[in-house]
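Asker: So that we are looking at the same thing, I have put the structure below in C-alpha cells.
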Amino acid sequence: ALREFFKSMPENRQAPRSRRGAQSSGSGFIVSDDGYIVTNAHVIDSAETIVVTLKDRRELDAKVIGVDESSDIALLKVDAKDLPAVTMGDSSELRVGQWVVAIGAPFGLDHSASQGIVSALARSLNQRNTTYVPFIQTDVAVNPGNSGGPLFDLSGNVIGVNSMIYSRSGGYQGISFSIPANTVKNVVAQLKDKGFVSRGKLGVHIQDVGQELADSFNLPGPTGALVANVEKDSAADKAGFQRGDVIITYGKSPIYTSSDLPPLVGNTEIGKEVS
C-alpha cells in the first residue's frame, strides 16, 4: 500500500526559502499545474525574496499572491507550466486513528516522509491569531522545516497543511498540528480571486459553559458557548442575541465548547442566514 501511495504522489515537491540576510526555509506543495503553491504564512514572513526549489533541483523565483495570517496560509506563484499538482482531499471525512503521512524538509532534509495517525480533530490553539482554524492533531513527526508541507491520507490526497508542533525543546515531542484541507481550499480560493480573505462575523464575545453555569441555566450538561457580550449593530445584535444566551448549535453543527464557534462563523459566507 505504501509503495502505491508513493507512486500516486507528484514527482515535484518544493521547499520555499525566504531570504532576509540569513536564509530560512520551509516546505510547500503545488496545487495547480500552472504554478500555484501553498505554504504557511509564517514560512515567508517578512521575506524579501522567495525561491522555490523543485525536486528536479530547478530554482524558481516566486511571487506572493496573498497571505492570510488568521489561517497561517500563503499562496505563491511561480512562472512554470505543466507542473505535477497534488489532489486536495475532504478533511471533513477524517477520523481519529486514521493513518496519515507528512512530507517536508525537516532541518533542511528535503522530501522527507513521516507517518502517524490522527490524534484529535478540531483543536483550537489560539496561536498566531489562528482562531478560525480547527486544527488536526497528529502524532506524525514534524520538525522545523516541515512547516507548509502537505499531510496526506493513504489515498495520496492532501488533507492538511503541517503548521506547528507542541514542544518544550524546539523539536518534535509527539504532538503536531495541521490546517485542515477544507479550510485551506476556502482560503486559497479567496487569495487567488482577490488576494485577501473575508470572514463572517457574528458579533458576540463568548466563553465556555462550566458545570456551575450549566446548572444555573438548567442545561443538560456543560456545553455550548455563553454570550458574555453583544456588539452593538452587529449581526447578533440585529438578530436579538442577549448577554447570557447560550449558543448550542450553529446551523447543523453542535457547539460543545466556545472554541467550536469561531471557525464555523468565520467560514460562513458574508450575508448568509444561519440558524
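Asker: Filter the range 42-55 down to residues that are of a type outside the set (Val, Ile, Thr) and open to solvent by 10 Å² or more (accessible area, probe 1.4 Å) and give me whichever is nearest to the chain's Cα centre (by Cα).
Answerer: HIS42
Asker: Six or more apart or on different chains, Cβ under 6 Å: which pairs go from a residue in the range 188-200 that's under 19 Å from VAL133 (Cα atoms) to one that's assigned to a loop (DSSP other than H, G, I, E, B)? Could you list them?
Answerer: GLN190/VAL197; SER198/ILE270; GLY200/THR268; GLY200/ILE270
Asker: Ok, one more. Would you mention how many residues in the range 78-88 are out of contact with any Asp or Glu (no Cβ under 6 Å at 6 or more places or on another chain) and open to solvent by less than 20 Å² (accessible area, probe 1.4 Å)?
Answerer: Qualifying residue count, the range 78-88: 3.
Asker: Being aliphatic (A, V, I, L, M), in contact with a Phe, Trp or Tyr (Cβ under 8 Å, 6 or more places away or on another chain) and modelled with pLDDT under 95 is true for just one of VAL140, VAL209. Which residue is that?
Answerer: Only one candidate qualifies: VAL209.
Asker: Among residues belonging to the range 56-69 that are closer than 24 Å to ILE179 by Cα and surrounded by fewer than 18 Cβ atoms within 10 Å (Cβ to Cβ), point out the one that is nearest to the chain's Cα centre (by Cα).
Answerer: Of everything passing the filter in the range 56-69, GLU69 is nearest to the chain's Cα centre (by Cα).
Asker: Of the residues that sit in the range 133-166 and are small (Gly, Ala, Ser) and over 17 Å from GLU93 (Cβ atoms), which one is surrounded by the fewest Cβ atoms within 10 Å (Cβ to Cβ)?
Answerer: Step by step, filter the range 133-166, then rank; the result is ALA141.
Asker: Scan the range 246-264 and tell me whether some residue there is part of a loop (DSSP other than H, G, I, E, B) and of a type in the set (Ser, Thr, Tyr).
Answerer: Yes, the range 246-264 has at least one match.
Per-residue answers, yes or no, for (1) loosely packed, with under 15 Cβ neighbours inside 10 Å; (2) modelled with pLDDT of 95 or more; (3) out of contact with any Ser or Thr (no Cβ under 8 Å at 6 or more places or on another chain):
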| position | (1), (2), (3) |
| --- | --- |
| LYS192 | no, no, yes |
| GLY200 | no, no, no |
| LEU219 | no, no, yes |
| THR223 | no, no, no |
| ARG243 | yes, no, yes |
| TYR256 | no, no, no |
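Asker: Related question: For SER169, work out the one condition from (1) surrounded by fewer than 12 Cβ atoms within 10 Å (Cβ to Cβ); (2) more than 30 Å from ASN143 (Cβ to Cβ); (3) among the small types (Gly, Ala, Ser); (4) over 19 Å from the mean Cα position of the chain (by Cα) it doesn't fulfil.
Answerer: It is condition (2) that SER169 fails.
Asker: Please go through the range 90-121 and give me each residue that is farther than 18 Å from ALA181 by Cα and crowded, with 18+ Cβ neighbours inside 10 Å, ordered by number.
Answerer: Matches in the range 90-121: ALA105, PRO106, SER112, SER114.
Asker: Confirm whether ALA239 is in contact with a Lys or Arg (Cβ under 9 Å, 6 or more places away or on another chain) and hydrophobic (A, V, I, L, M, F, W, C).
Answerer: no
The values are calculated or read from the model by the stated rules, or taken from the named source; none is laboratory data. Quick caveat, the model's predicted, so the values are computed rather than measured. Neighbour counts are summed over all protein chains in view; Cβ atoms, including those assigned to glycine, are modelled from backbone coordinates with ideal geometry. Note: areas computed on protein heavy atoms with side chains; ligands, DNA, RNA excluded. Shrake-Rupley method; radii C 1.70, N 1.55, O 1.52, S 1.80 Å.
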